[in-house]
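Here the structure comes first, spelled out in C-alpha coordinates, and everything after it is commentary.
The values are calculated or read from the model by the stated rules, or taken from the named source; none is laboratory data. None of these values were measured; they are calculated from a predicted model. Glycine gets a Cβ as well: all are built from the backbone with ideal geometry, and neighbour counts include every protein chain shown. Calculation scope for accessible area: heavy atoms of the full protein, side chains included, ligands and nucleic acids excluded. Shrake-Rupley method; radii C 1.70, N 1.55, O 1.52, S 1.80 Å.
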Amino acid sequence: MKDIWIIANWKSNKNISEALDWISQVGPKIPKQDNLKVVVCPTFSALSEVKKAITVGNFPLLVGAQDLSPFGIGAYTGEEPAELLNQLITLTILGHSERRQNFRESDETIAKKTQQALGNNITPLVCVQNEEIPVPEGCKLVAYEPIWAIGTGNPDTPENANVVAEKIKQQYSASIEVVYGGSVHSGNVKDLVMQENINGVLVGSASLDAEEFIKICQVVSE
Ligand code: PEP
(Lines give C-alpha, C1' and ligand atoms only; values in the text may rest on other atoms or scores of the structure.)
Protein backbone atom coordinates (compact mmCIF):
# COMPACT_ATOMS: atom_id res chain seq x y z
CA MET A 1 0.00 0.00 0.00
CA LYS A 2 1.40 3.45 -0.89
CA ASP A 3 2.17 6.07 1.77
CA ILE A 4 -0.41 8.81 2.12
CA TRP A 5 0.71 12.10 3.63
CA ILE A 6 -1.79 14.64 4.98
CA ILE A 7 0.14 17.77 5.88
CA ALA A 8 -1.45 20.77 7.58
CA ASN A 9 0.21 24.09 6.72
CA TRP A 10 -1.08 26.62 9.24
CA LYS A 11 1.02 29.44 7.76
CA SER A 12 1.09 32.48 10.12
CA ASN A 13 -2.02 31.46 12.06
CA LYS A 14 -2.97 30.23 15.56
CA ASN A 15 -1.57 31.34 18.90
CA ILE A 16 -0.48 28.67 21.40
CA SER A 17 -3.88 28.25 22.99
CA GLU A 18 -5.61 27.93 19.58
CA ALA A 19 -2.95 25.46 18.48
CA LEU A 20 -3.42 23.31 21.59
CA ASP A 21 -7.18 23.40 21.17
CA TRP A 22 -6.77 22.06 17.60
CA ILE A 23 -4.41 19.28 18.79
CA SER A 24 -6.83 18.22 21.53
CA GLN A 25 -9.67 17.96 19.01
CA VAL A 26 -7.78 16.40 16.09
CA GLY A 27 -5.29 14.15 17.94
CA PRO A 28 -7.78 11.55 19.24
CA LYS A 29 -9.61 11.39 15.88
CA ILE A 30 -6.69 10.61 13.55
CA PRO A 31 -7.23 7.15 12.07
CA LYS A 32 -4.41 4.78 13.09
CA GLN A 33 -3.17 3.34 9.82
CA ASP A 34 0.43 2.36 9.06
CA ASN A 35 0.55 4.04 5.64
CA LEU A 36 -1.15 7.26 6.81
CA LYS A 37 1.27 10.02 7.86
CA VAL A 38 -0.44 13.06 9.30
CA VAL A 39 1.74 16.12 9.94
CA VAL A 40 0.94 19.47 11.49
CA CYS A 41 3.12 22.48 10.66
CA PRO A 42 2.47 25.32 13.15
CA THR A 43 4.34 28.61 13.50
CA PHE A 44 7.78 28.45 15.15
CA SER A 45 6.31 30.06 18.30
CA ALA A 46 3.87 27.17 18.82
CA LEU A 47 6.18 24.27 17.87
CA SER A 48 7.37 23.37 21.33
CA GLU A 49 3.93 23.33 22.98
CA VAL A 50 2.40 21.45 20.05
CA LYS A 51 5.13 18.81 20.22
CA LYS A 52 4.59 18.42 23.98
CA ALA A 53 0.81 18.03 23.62
CA ILE A 54 1.19 15.38 20.91
CA THR A 55 3.71 13.43 23.00
CA VAL A 56 1.57 13.57 26.14
CA GLY A 57 -1.56 12.54 24.20
CA ASN A 58 0.36 9.84 22.30
CA PHE A 59 -1.39 10.97 19.13
CA PRO A 60 -0.40 9.59 15.69
CA LEU A 61 0.63 13.06 14.55
CA LEU A 62 4.03 14.27 13.36
CA VAL A 63 5.27 17.83 13.80
CA GLY A 64 6.72 19.87 10.95
CA ALA A 65 8.02 23.40 10.42
CA GLN A 66 7.23 25.72 7.52
CA ASP A 67 10.84 26.71 6.85
CA LEU A 68 14.35 26.53 8.29
CA SER A 69 17.71 28.25 7.97
CA PRO A 70 20.01 27.68 4.99
CA PHE A 71 22.85 27.94 7.56
CA GLY A 72 23.88 25.96 10.63
CA ILE A 73 24.29 27.15 14.21
CA GLY A 74 26.05 30.53 14.49
CA ALA A 75 25.76 34.23 13.80
CA TYR A 76 22.61 34.21 11.66
CA THR A 77 20.21 36.49 13.53
CA GLY A 78 16.57 35.52 13.23
CA GLU A 79 17.17 32.14 11.62
CA GLU A 80 16.09 28.73 12.93
CA PRO A 81 18.77 26.12 12.18
CA ALA A 82 17.96 22.49 11.43
CA GLU A 83 20.42 21.38 14.12
CA LEU A 84 18.18 22.96 16.78
CA LEU A 85 14.81 22.34 15.17
CA ASN A 86 15.34 18.60 14.92
CA GLN A 87 14.47 18.17 18.58
CA LEU A 88 10.95 19.33 17.71
CA ILE A 89 10.21 18.39 14.10
CA THR A 90 10.50 15.45 11.71
CA LEU A 91 9.63 17.37 8.50
CA THR A 92 9.86 20.86 7.10
CA ILE A 93 8.07 22.57 4.24
CA LEU A 94 10.58 24.34 1.98
CA GLY A 95 10.23 26.63 -1.02
CA HIS A 96 6.54 27.41 -0.57
CA SER A 97 5.43 29.90 -3.25
CA GLU A 98 4.62 32.44 -0.52
CA ARG A 99 8.29 32.34 0.52
CA ARG A 100 9.52 32.49 -3.06
CA GLN A 101 7.29 35.54 -3.69
CA ASN A 102 7.45 37.46 -0.39
CA PHE A 103 11.02 36.66 0.64
CA ARG A 104 12.59 36.25 -2.79
CA GLU A 105 13.75 32.72 -2.01
CA SER A 106 15.78 31.31 -4.88
CA ASP A 107 16.17 27.71 -6.01
CA GLU A 108 19.75 27.94 -4.70
CA THR A 109 18.63 28.94 -1.19
CA ILE A 110 16.02 26.18 -1.20
CA ALA A 111 18.71 23.67 -2.18
CA LYS A 112 20.85 24.84 0.78
CA LYS A 113 17.91 24.49 3.15
CA THR A 114 17.24 21.01 1.78
CA GLN A 115 20.83 19.99 2.57
CA GLN A 116 20.51 21.39 6.10
CA ALA A 117 17.33 19.38 6.65
CA LEU A 118 18.78 16.16 5.23
CA GLY A 119 21.96 16.53 7.28
CA ASN A 120 19.94 16.85 10.46
CA ASN A 121 17.45 14.05 10.10
CA ILE A 122 14.54 16.23 8.99
CA THR A 123 12.47 15.29 5.92
CA PRO A 124 12.40 18.19 3.45
CA LEU A 125 9.05 18.65 1.68
CA VAL A 126 9.97 20.88 -1.24
CA CYS A 127 7.16 22.80 -2.95
CA VAL A 128 7.31 23.22 -6.72
CA GLN A 129 4.80 25.25 -8.66
CA ASN A 130 5.13 23.17 -11.81
CA GLU A 131 7.30 20.35 -13.14
CA GLU A 132 9.93 22.82 -14.38
CA ILE A 133 10.96 24.05 -10.93
CA PRO A 134 14.03 22.06 -9.83
CA VAL A 135 13.79 19.44 -7.12
CA PRO A 136 16.94 19.72 -4.98
CA GLU A 137 19.33 16.78 -4.75
CA GLY A 138 18.40 14.27 -2.07
CA CYS A 139 14.80 15.47 -1.77
CA LYS A 140 12.37 12.54 -1.67
CA LEU A 141 9.12 14.35 -0.89
CA VAL A 142 7.76 17.02 -3.23
CA ALA A 143 4.59 19.11 -3.13
CA TYR A 144 3.12 20.10 -6.48
CA GLU A 145 1.35 23.38 -5.72
CA PRO A 146 0.23 25.50 -8.69
CA ILE A 147 0.15 29.16 -7.56
CA TRP A 148 -3.29 29.77 -9.07
CA ALA A 149 -4.76 26.99 -6.91
CA ILE A 150 -3.45 28.22 -3.54
CA GLY A 151 -6.16 29.76 -1.38
CA THR A 152 -8.39 30.38 -4.39
CA GLY A 153 -10.96 27.59 -4.13
CA ASN A 154 -9.87 26.59 -7.62
CA PRO A 155 -7.90 23.33 -7.33
CA ASP A 156 -6.13 21.57 -10.17
CA THR A 157 -7.97 18.52 -11.48
CA PRO A 158 -6.88 15.20 -9.95
CA GLU A 159 -6.03 13.98 -13.47
CA ASN A 160 -3.73 16.91 -14.25
CA ALA A 161 -2.13 16.78 -10.80
CA ASN A 162 -1.43 13.10 -11.48
CA VAL A 163 0.21 13.94 -14.82
CA VAL A 164 2.47 16.56 -13.21
CA ALA A 165 3.37 14.16 -10.38
CA GLU A 166 4.25 11.48 -12.93
CA LYS A 167 6.48 13.94 -14.85
CA ILE A 168 8.33 14.87 -11.65
CA LYS A 169 8.94 11.18 -10.86
CA GLN A 170 10.09 10.49 -14.42
CA GLN A 171 12.47 13.44 -14.36
CA TYR A 172 14.11 12.60 -11.02
CA SER A 173 13.31 9.21 -9.52
CA ALA A 174 10.39 6.82 -9.23
CA SER A 175 11.09 6.73 -5.50
CA ILE A 176 10.12 10.39 -5.03
CA GLU A 177 6.74 10.84 -3.36
CA VAL A 178 4.59 13.70 -4.68
CA VAL A 179 1.77 15.31 -2.73
CA TYR A 180 -0.68 17.83 -4.18
CA GLY A 181 -1.52 21.21 -2.61
CA GLY A 182 -3.96 23.98 -3.56
CA SER A 183 -7.58 24.35 -2.37
CA VAL A 184 -7.82 20.82 -0.95
CA HIS A 185 -10.83 20.08 1.28
CA SER A 186 -12.81 17.07 2.50
CA GLY A 187 -14.91 17.08 -0.69
CA ASN A 188 -12.04 16.73 -3.18
CA VAL A 189 -9.31 14.95 -1.24
CA LYS A 190 -10.38 11.40 -2.04
CA ASP A 191 -10.20 11.87 -5.82
CA LEU A 192 -6.73 13.37 -5.44
CA VAL A 193 -5.19 10.66 -3.27
CA MET A 194 -6.70 7.93 -5.46
CA GLN A 195 -4.47 9.04 -8.34
CA GLU A 196 -1.65 6.59 -8.98
CA ASN A 197 1.19 9.11 -8.68
CA ILE A 198 -0.16 11.19 -5.80
CA ASN A 199 0.97 10.35 -2.29
CA GLY A 200 -1.16 12.73 -0.32
CA VAL A 201 -2.00 16.38 0.16
CA LEU A 202 -0.67 19.64 1.59
CA VAL A 203 -3.59 21.53 3.09
CA GLY A 204 -3.60 25.25 3.89
CA SER A 205 -6.89 27.03 4.71
CA ALA A 206 -8.93 23.85 5.28
CA SER A 207 -6.40 22.62 7.86
CA LEU A 208 -7.14 25.52 10.21
CA ASP A 209 -10.57 24.16 11.07
CA ALA A 210 -10.20 21.10 13.31
CA GLU A 211 -13.48 19.47 12.25
CA GLU A 212 -12.73 19.89 8.54
CA PHE A 213 -9.21 18.51 8.99
CA ILE A 214 -10.57 15.47 10.86
CA LYS A 215 -13.00 14.93 7.96
CA ILE A 216 -10.11 15.07 5.47
CA CYS A 217 -8.22 12.40 7.42
CA GLN A 218 -11.28 10.19 7.78
CA VAL A 219 -12.27 10.43 4.10
CA VAL A 220 -8.73 9.46 3.07
CA SER A 221 -8.62 6.46 5.41
CA GLU A 222 -11.97 5.01 4.21
C1 PEP B 1 -0.75 26.02 0.78
O2 PEP B 1 -0.57 27.22 0.91
O3 PEP B 1 0.19 25.20 0.93
C4 PEP B 1 -2.09 25.58 0.42
C5 PEP B 1 -2.21 24.40 -0.13
O6 PEP B 1 -3.10 26.45 0.67
P7 PEP B 1 -4.68 26.23 0.43
O8 PEP B 1 -5.00 24.82 0.87
O9 PEP B 1 -5.34 27.25 1.27
O10 PEP B 1 -4.91 26.41 -1.03
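Pick from region 200-216 the residues that are within 10 Å of the ligand (Cβ to nearest atom) and within 17 Å of residue 24 (Cα to Cα): which of them is most open to solvent (accessible area, probe 1.4 Å)?
Narrowing region 200-216 to residues within 10 Å of the ligand (Cβ to nearest atom): 201-208.
From what is left, the residues that are within 17 Å of residue 24 (Cα to Cα) are 207-208.
Details: 207: 0, 208: 53 Å².
Across region 200-216, the extreme among qualifying residues is 208.
Of the helices (runs of 4 or more DSSP H) lying entirely inside region 1-104, not one is found with 2 or more residues being within 16 Å of the ligand (Cβ to nearest atom) and modelled with pLDDT under 95.
Yes/no per residue for (1) open to solvent by 60 Å² or more (accessible area, probe 1.4 Å); (2) under 28 Å from residue 146 (Cα atoms):
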position: 19; (1), (2): no, yes
position: 25; (1), (2): yes, no
position: 32; (1), (2): yes, no
position: 42; (1), (2): no, yes
position: 60; (1), (2): no, no
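Of 222, 196, 177, which residue is open to solvent by 10 Å² or more (accessible area, probe 1.4 Å) and in contact with a strand residue (DSSP E or B) (Cβ under 6 Å, 6 or more places away or on another chain)? First the steps, then the outcome.
On the way: 222 fails: in contact with a strand residue (DSSP E or B) (Cβ under 6 Å, 6 or more places away or on another chain); 196 fails: in contact with a strand residue (DSSP E or B) (Cβ under 6 Å, 6 or more places away or on another chain).
Going through 222, 196, 177 in turn, just one is open to solvent by 10 Å² or more (accessible area, probe 1.4 Å) and in contact with a strand residue (DSSP E or B) (Cβ under 6 Å, 6 or more places away or on another chain): 177.
Filtering region 160-174 to residues that are more than 18 Å from residue 136 (Cβ to Cβ) and buried (at least 18 other Cβ atoms within 10 Å of the Cβ) leaves 161, 162.
Of all positions in region 142-157, none carries a residue that is farther than 22 Å from residue 64 by Cβ, away from the ligand (no atom under 16 Å from the Cβ) and in contact (Cβ under 8 Å) with a residue 24 or more places away in the chain.
Screening residue 83 against (1) over 18 Å from the mean Cα position of the chain (by Cα); (2) open to solvent by less than 20 Å² (accessible area, probe 1.4 Å) leaves a single unmet condition, (2).
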